[in-house]
1. For region 101-127, which residues satisfy the criterion of being part of a loop (DSSP other than H, G, I, E, B) and more than 18 Å from Ala15 (Cβ to Cβ)?
2. Report, by residue number, each residue of region 383-408 that is within 22 Å of Ser297 (Cα to Cα) and open to solvent by 50 Å² or more (accessible area, probe 1.4 Å).
3. Of all the residues that make up region 41-57, how many are open to solvent by 60 Å² or more (accessible area, probe 1.4 Å) and assigned to a loop (DSSP other than H, G, I, E, B)?
4. Just one of the numbered conditions (1) in a strand (DSSP E or B); (2) at pLDDT 95 or above is not true of Val376; which one?
5. Output the helices (runs of 4 or more DSSP H) that fall wholly within region 183-259 and possess 2 or more residues being of a type in the set (Asp, Glu), or say none.
6. Collect the residues in region 262-272 that are part of a loop (DSSP other than H, G, I, E, B) and either in contact with a strand residue (DSSP E or B) (Cβ under 6 Å, 6 or more places away or on another chain) or open to solvent by less than 50 Å² (accessible area, probe 1.4 Å) (or both), keeping them in residue-number order.
7. Counting only residues that are hydrophobic (A, V, I, L, M, F, W, C), closer than 16 Å to Tyr109 by Cβ and modelled with pLDDT of 95 or more, which one in region 162-213 is surrounded by the fewest Cβ atoms within 10 Å (Cβ to Cβ)?
8. Just one of Ser107, Ser112 is polar (S, T, N, Q) and surrounded by fewer than 18 Cβ atoms within 10 Å (Cβ to Cβ); which is it?
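The values are calculated or read from the model by the stated rules, or taken from the named source; none is laboratory data. These numbers come from a predicted model, not from an experiment. Every residue, glycine among them, receives a Cβ derived from its backbone with ideal geometry; neighbour counts consider all protein chains shown. For the accessible areas, the whole protein counts, side chains as well, though only heavy atoms, and no ligand, DNA or RNA atoms are used. Shrake-Rupley method; radii C 1.70, N 1.55, O 1.52, S 1.80 Å.
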Amino acid sequence: MKKVVKFGGSSLASAEQFQKVGAIIHADEDRKFVVPSAPGKRFDEDTKVTDMLYACYALAEKDHDFTKEINRIEERYQQIIDGLELDLDLSSEFDRIIDNFKKKAGSDYAASRGEYLNGIIMANYLGYEFIDPAEALRFNEAGIFDAELTNKLLIKRLEGVERAVIPGFYGAMGDGRVKTFSRGGSDITGSIVAKAIQADVYENWTDVSGFLIADPRIIKDPKGIDIITYGELRELSYMGAGVLHEDAIFPVRKEGIPINIRNTNKPEDEGTWIVGNTCQKAKYTITGIAGKKGFASINIEKDMMNAEVGFGRKVLQVFEDYNISFEHMPSGIDTLSVMVHQSEFVDKEQKILSGINRAVNPDHVDIQSDLALIAVVGRCMKSQRGTAGRIFAALSHASVNVRMIDQGSSEQNIIIGVVNEDFETAIKAIYDIFVETRI
């Protein structure tokens, strides 16, 4: 078997954490390709190395002295090297970084050095080959990731390589300029490597034992999720569930490579398995609950709307013209609602309302603000009668007024709109009826 193992910033924040990671890797001969993040926080008040690099480069861009800041970063890495008792000197690497900062190499280059340097340390610690992702991960001239070219280059670069460390988070454009993914992009790198080597498993090690059914900041000690499908995960990740970068799914999904979310500090835990499909039933009717606050609903009414061909297209064209994407669009015979992020909409609302009036001449347009959306997700929901009824009964019992309902065609998610103030209450009510009381 071949496994790709990615370790997050908290897993590599110190020499002690590096030693835990080393023990995990050596415990399984199949863990042959390692994708490290930059060092994260060692304690709550600490600063992530990536943030330190951003701040350091901001000074360099303004031609300010950044000696103190770069020395602090070098000290962080030296503490790890000393703690691991490695014979490794990164001074030449830092000289090169300082020179490139002065030459204004770019903020992407600056941020990527966190993973790059941690990768050098990890390769030295494990005795693995070090591979700079700038050699094989490609972005096009517009800065968009080129999955097809990357896969070809990476397959060729890894040919004959038995064990390697490949830093996460970045690649390069055709001219050699470093380009990063969005924050959390090391998850994506791990997935890309897993696809290239046709791994049997992609293990993503972090500081939690997999996904939880609900946000632990809202639900005390929520139950964990043993197994979740890619589709379910996409729904939950989009609605705010963290742990894994949502774009990390795509490279492995087509290849049928499962992802296993594991806890570096509790390696004995099985964690959560993310798979394409499964015949295994979830413990509960629902797989997870996630949500976000800060939405607005633009409610449009017009008699005989359903008979007017192109009505929906004309409405959405107005939002597109002002570069506003919509989240959901529930409708009735004579009504249509468009859910958008309130922060994006508020500064353009009057222009959009005028545009809607010109485009479709509605009888009435109403706006509801300060709304929250909650996604109740589960592959078992479509085979269980009365799931929606149980959700709304729980919300009614908790005195939560439902402002919007939308269900996907896959029948594995139900989206509920409530006012922001009812967000936490609603999640607690839904969790209680499906997980705690299981009525």
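1. Listed by number, the residues that qualify are Lys103, Lys104, Ala105, Gly106.
2. Phe392, Ser396, Ser399, Asn401, Arg403, Ile405, Gln407
3. Within region 41-57, residues that are open to solvent by 60 Å² or more (accessible area, probe 1.4 Å) and assigned to a loop (DSSP other than H, G, I, E, B) number 6.
4. Here Val376 clears every test but (2).
5. Of the helices (runs of 4 or more DSSP H) lying wholly inside region 183-259, those with at least 2 residues that are of a type in the set (Asp, Glu) span 230-238.
6. Result: Thr264, Asp269, Gly271.
7. Met173
8. Values: Ser112 fails: surrounded by fewer than 18 Cβ atoms within 10 Å (Cβ to Cβ).
Just a single option satisfies the conditions, and that option is Ser107.
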